[in-house]
Amino acid sequence: MYKYMGMAFTYLLTFNPTGQKYFGVRYASNSSPKDLWVTYFSSSKIVKDLIRKHGKDSFTVQIDKTFEDPIAALDYELQFL
């Protein structure tokens, strides 16, 4: 039986210069919301390009919700989007 050892979470990034928003989900072995914007910066190529061009300080970062089950996190993300 697979045992998930991380904490899944959803998050909202706002690119401050334009107000553009990105909503994402993170789930991985040993993942934690405290890693967001410290060691994890999104899987989005667009967000990564904006960070490279403008720096990570050009974003406002918010944890939306935490989950113990990654499936629940993915379902929530789909409902949100």
**OP:** Tell me which residues come under 5 Å, amide H to amide H, from Asp64 once H is placed; ignore anything under 5 positions away on its chain.
**Re:** Thr10, Tyr11, Leu12
Original post:
Roughly to the nearest percent, how much of the accessible area of the chain is carbon and sulfur, given a 1.4 Å probe?
Top reply: 55 percent
Subject >> Paramagnetic label zone (point 7 Å from Cα along Cα-to-C-beta, Thr14; backbone N under 14 Å) in segment 29-49 >> reply: none
**OP:** Please work out which option in (1) 13.1, 46; (2) 12.1, 35; (3) 14.1, 42 gives Rg and Dmax of the Cα atoms in Å calculated from these coordinates, and answer with its label.
**Re:** (1)
Original post:
Lys pairs in the chain, Cα-Cα under 16 Å, at least 8 apart or on separate chains: how many?
Top reply: 8
Original post:
In whole Hz, what ³J(HN,Hα) sequence does segment 15-27 give by Karplus (6.51, -1.76, 1.60; θ = phi - 60°), x for Gly and Pro?
Top reply: 7, 4, x, 10, x, 4, 10, 9, 10, x, 10, 10, 8
Original post:
Which far-off residues, 5 or more places away or on another chain, put their amide H under 5 Å from the one on Gly6, with H placed in the peptide plane?
Top reply: Asn30, Ser31
Subject >> Burial ranking of peptide ranges 45-53, 62-70 (average Cβ count within 10 Å, highest at the top) >> reply: 62-70, 45-53
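Keeping every protein chain present and rolling a 1.4 Å probe, give me the accessible area per residue for the chain in Å².
Details: 5460 Å² over 81 residues.
For the chain, the solvent-accessible area averages 67 Å² per residue.
The values are calculated or read from the model by the stated rules, or taken from the named source; none is laboratory data. No experiment lies behind these values; they were computed from the predicted model shown. Backbone-built Cβ (ideal geometry, glycine too); neighbour counts: all protein chains shown. Just the protein is used for accessible areas: all its heavy atoms, side chains included, with ligands, DNA and RNA removed. Shrake-Rupley method; radii C 1.70, N 1.55, O 1.52, S 1.80 Å.
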